[in-house]
Structures are given as C-alpha cells and as structure tokens.
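Worksheet: the structure to be examined is printed underneath.
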Amino acid sequence: MRFLKLAEFFERIEKVSSRLDMTNVLSELFKHTPETDIKNVIYLTQGMLAPVFEGIKIGIGEKLAIEALARAYGYGSSDVEKLYKTKGDLGTVAEELSSKKKQQSLFKEELSTKKVIENLLKVAKTEGTGSQESKLKLLAELLNSSTPIEARYITRIVLENLRLGIGDPTIMDAFAISLLEEARKDKTLMKEAENALETKKTKGKKEKQKEELERQLKFRVRARIEEKYNIFADLGAIAEKLKAKGLKGIEKVEITPGIPIRPTLAERLETPEEIIKKLGKCAVERKYDGFRLAIHKNGNDIKIFSRQSENMTHMFPEIVRAVREQVNARQAIFEAEALAVNEETGEFFPFQITIQRKRKYDIEEKAKEFPLKAFAFDLMFQDGKNLMNLSFKERREKLKKLIKKGEVLELTDSIITDSAKELDKYFQESISSGLEGIIAKDLNAKYIAGARKFAWIKLKRSYRGELSDTIDCVVIGYFKGRGKRAQFGLGALLTAVYNAENDEFESIAKIGTGMSEEMLKELHSVLSKIRTGKKPARVSSELEPDEWVEPKYVIEVKADEITKSPIHSAGKEKGIGYALRFPRMIKIRADRKPEEATTVKEIIKMFKEQRTLSTNVLEQ
C-alpha cells in the first residue's frame, strides 16, 4: 500500500468535524488496506510504529526534526524555525517546504507504508556514537522521497504527534463497521441483534428498524473485538487476524505472557456502609499509592508493564530478581502495587518519592536509595491456564501459593468482612499508615479486563469531603490569559470528562487556579505542540477556547462540588449538563490515558451522592 494513500485518508480524517464521520472514514481505510499492511496501518493510526509494550521510541525531538527538514529541502535551520513559529506545526512546515524544495535528490523512490515503517524503525533503533547524524540522514532521505502531504504526516509521526485524535475505541468501532457484511451472515450474531431489537421494541418505519438492527449488530461485533483486545493489548495483531479470517480469526486469541492485559478498574463509593450494602461479605485490601504493575513471567523471561501497557521492566531490577526467586510457577501473569520503602523505619514513602524510580538512567543507584516493595493483589494466568473466570476468592488462594516468602514481593494486606464498622476501622488504620485508603472486592467476581465494574470498590481519604473524590479531567483547549499570565501564553484550561458510550470528551470545567508559574510554562510548552486549529472530532463543547488541543493530557482536579450547568456538555440533557464548582488543578496524571479519565456516568453518580446537593447553582 502506498503511503500516499494512507496520508490522503489521514487528511480526510483531519478535516472531519464529528466522531461518526471519523469512524466512517477509518472503516473505509481498513476496507482498502491489504492484509499485508493492516498491522502497520493500525500502528500508524495510533501514532506509533509498534504496540506500546514494545517500547519503541523514535528519539527525534523538534530541533533534530528541524535540522532534517532543512537538510532534505535545502533550507537553513533558521528558515525552518521561522516558518515553524508562524505555522505552529512542523508537519505543516514540512508540507510547505516539500512543495518548494530548493534541491533535488539524485535518488528518490515511491514510498510504501512498509518502507516508511521500516525506515522509521531504523531511526528508532540507531544508537551509540554518531547516532544523531545517522538519524538525521535516514529521516532526510525519507522526507526527500515524500510528496508534500506524505511529508506532513511523516514529520508528525516522527514527533509522536499525529494530531488526528483517534482513540482505540474509535478504531474498534471502525473495524466493526468494516465487518458488518460478514456479521450479517453469522446466525448467532444476527439472532442476538434481532432479540435485542425485540426487547427495545423499536417503533416506526422499516428503515428505522433496519438502522437499529445494524446498530445492534455493530455493537456485538465491536464487543467481540474488544473482548480479545482486553486480554491481548495489540490492536495491530488483532486487526491482522480480522483481515485474514474475519471474526473467526480472533477466536483463538488468548492470554499470552509478554502481551499486556488491559487492567480492571475500580468503581467508587463514599462510605463503608454503602460498600457493605453493595457487596455484602467482601475482601478488603489496603490501597497502596504507588505504581500499578502487571508482572509477566515466562520461564526466566520477566516483563513488567504499567497500567498503560508501557514496558517498565528495566526500571525495577529488584522486582525482576524477586519474581525469579519468589514466584512458584513457570508461567504467571499477576498484578502488584510497587512503593518505595524507608528501610530504616519500614514506612512507605509518599508517591512523590516513588515516582523518582521511573527513569531511564541511574536505575541501580536509585534502587539502592529508594528500594521498592511490590504487593501482589491479583492473579490472571498461571502455567498455561487463564484464571480470569475464577472467583476472586479462588484467584486469591492461588496467589497465596504462587508467592514465596522474600524481601521484595509479598501479598497485599487484607481482611474479609461484612461489617461496615470493621471496614471503617481498617480504612482508618490504612490512612494512619500513610496509605491512600482501601479497595473492597466482591469475593465471587471474575477478573473483568478493561472495564470499570462494582466488582472492585475504592474508598480513599479524599472522599471524605463535600465532593466525593478528585476528578481526572482531559485538557481539550486553553485560554491565553491576561495580565501577568499573558507572559506564559496560557491562563486557563478547558477540560472534559469521558463519555465511554460515545467515545467523546464532554466539557466540564474551565480551570484557572492551582497552577504555579512553572506549571503554566510546562502546560503551555506541551499543549502548544498539540494545537489542532479547530475543535477535535471527538470533543463536545459549546465553550470555545483560544486554542483547541488534541485530547491527550489528563490532569487531576479538585472541586467544591458538581453543579448543573447550561454551558458545559458533560451529561447534557434538555440543554443542561454538569460542571465543577471552583475547580483547581492538582497535577498532571502521566499514568492516565484520556480514555481512563473520569467518565460522565461517574460524574452523574457523584452528583447524586454529594452530601449537600446544590442543583440551583450554575457554572459561571
């Protein structure tokens, strides 16, 4: 497949104004993509060269990209920088310079998608003495062979800033649409869709019933794809199997050591009484404020992944050693929370200390300074057997037998109770020990990968206020600021929460407090690089910021309460949505994907659970 064809589809996606249009264009792209190219097309659509867990970073920043553009097109670096300041996007700069290049290469070839991936992988893997010059040469050669539109997207891919705002849910929806013809021939799927149609009792014309049947069918195809993606987090590999054999191609996709499983997520309640009412007799574990890790053991090969499927193995050498020594199985996939520990007192350090262990260099030195303990809390796979369908009680018993005694790896502390009083006592003990709180778990629940269910319920210290938690919001735009803040280029943020049903980000707050001068500078630096020029297709907002940005960064926000609002679009019905009253930013959540932000459903639930409802106060 020519890369030009992919670039033209990317341009079409960039121009759409709705998520539905984006999904339809993507579906058309997938239909037109040959089986041999679909894996690479999926990765490039995700803005990557390979799945996240492979940890491939191209390693080219803005300065090196500017030098490569200058070299490829016969301009001075200062000329490129000047144009960049005007355009605000190096991809657009590359497109313009490519259309009026001052020099021609003696060797030029038509670019295929495979060729682009291969060359960029060479760039990413070039290391050692002279690597910068080698990277420059490889990138300049690629740009020299590209058409203007190809140059735009090659440059953006290199900078890991594709600026299309495509999320994994939209990719899965698009693939589901592309497989509808096959789905119509699947008797089981059609029967399920028809039964759902009868349950909904869709009234009206036949066209409307047909439309609803298609929607129900698409929903079921998408569910099958997501079910496999939840246990095998490589959309490119799944797409390849779908392209080769349709839905039958993914039937044999199973849990595999070394391929991340998307983690299960906890719901939230405000009091011990509510938790016991919801779960009855349950397991209650201490909630540790550290790194949530998925640990994969396959013989002597150990891999450690973050909740975002990032490979962090090299950062935690003591955990790798502990897994080899303490895990009583040839194969295992389990989850643990890792925290830095003060060896002299046995106390846990705050997360601000633990986060220092996330680094590329001086790893062993930091490991000695801030050693980690890893507390295992769930087991999903052992010696070829998928354990996710077992009850939590059964998985916990197997986990106890899996972990041998040792210095680094141990089980989370826990109790089993049906008493709200006992649960509250355990919660208070956890808080006094410097921990976040507790997580209560349904003893009979399966492990539900990639979903947020009431199988797990968290209760944290911050819940005990007017608003029952901090909120994770996605930045969708920013205002340039006035007065003193004008010098930073940013005065306030427009933020949103995630509507999981629509795969959209709906506005909930304009935030101008809680940000230091350093934070304002940092935010402006990162956000100015992902400006989109228009409202992103997956964003729903009536407020218009000075600059729209790709929904990429998540921030933690504290507010006094949730109110009804005619201005914001979060959960909007009959012209009224939800907003945060007196919101202030706490920090950037680097461990969260945009789709892992607080959801609209959670906002509505938190609104109902507020101790003092203020339904008459509207967002300013």
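Rg and Dmax, both from the Cα atoms of the stretch 345-395 and both in Å, are 16.3, 41.
Amide H contacts under 5 Å for Leu162: none, restricted to partners 5 or more places along the chain or on a different chain, H placed in the peptide plane at 1.01 Å from N. Ranked by how many other Cβ atoms sit within 10 Å of their own Cβ, fewest first, the residues His568, His32, His524 fall in the order His32, His524, His568. Pairs of C-alpha atoms in the stretch 563-615 farther apart than 17 Å represent 46 percent of all such pairs.
Among the trypsin sites (Lys or Arg not before Pro) within the stretch 296-345, those in coil by DSSP and having at most 15 neighbouring Cβ atoms inside 10 Å are Arg330. When both bridge partners sit in the chain, DSSP labels roughly 90% of those beta bridges antiparallel. Any idea what % of Cα-Cα pairs in the stretch 491-619 are farther than 19 Å? Roughly 47 percent, once rounded to a whole number. Beta-bridge orientation, the stretch 265-463: approximately 85 percent antiparallel, per DSSP, counting only bridges with both partners inside. Report the Stokes-Einstein translational diffusion coefficient (µm² s⁻¹, integer) for the stretch 168-250, Rh taken as the Kirkwood radius over Cα pairs, at 10 °C with viscosity 1.306 mPa s. Answer, rounded: 120 µm²/s. Using the rule -39500 (n - 2.57) for each DSSP H run of four or more residues, divided by the residues of the chain, the 222 nm mean residue ellipticity is -12000 deg cm²/dmol.
Each residue of the stretch 265-463 gets 113 Å³ once the volume of the Cα convex hull is shared out per residue.
Across all directions, the average flat footprint of the convex hull enclosing the Cα atoms of the chain is 30.3 nm².
Put simply, the amide H of His568, placed in the peptide plane, has neighbours under 5 Å in Gly577, leaving out anything fewer than 5 places away on its chain. Put a dot 7 Å past the Cα of Lys85, heading toward its Cβ, do the same for Leu411, and the two dots end up 6.3 nm apart. The trypsin sites (Lys or Arg not before Pro) of the stretch 1-83 meeting both criteria, a DSSP state outside H, G, I, E and B (loop) and at most 14 other C-beta atoms within 10 angstrom of the site's C-beta, are Lys57. A simple spin-label model places pseudo-atoms 7 Å from Cα toward Cβ; at Lys404 and Glu109 they are separated by 5.2 nm. When the chymotrypsin sites (Phe, Trp or Tyr not before Pro) in the stretch 303-412 are filtered for DSSP coil states and for at most 16 other beta-carbon atoms within 10 Å of their beta-carbon, the remaining sites are Tyr361.
Every number here is computed from the coordinates shown, using simple stated rules; none is lab data. As the structure is a computational prediction, the values presented were derived from the model and not from experiment. Note that each Cβ is placed from the backbone with ideal geometry, even for glycine, and that neighbours are counted across all protein chains shown.
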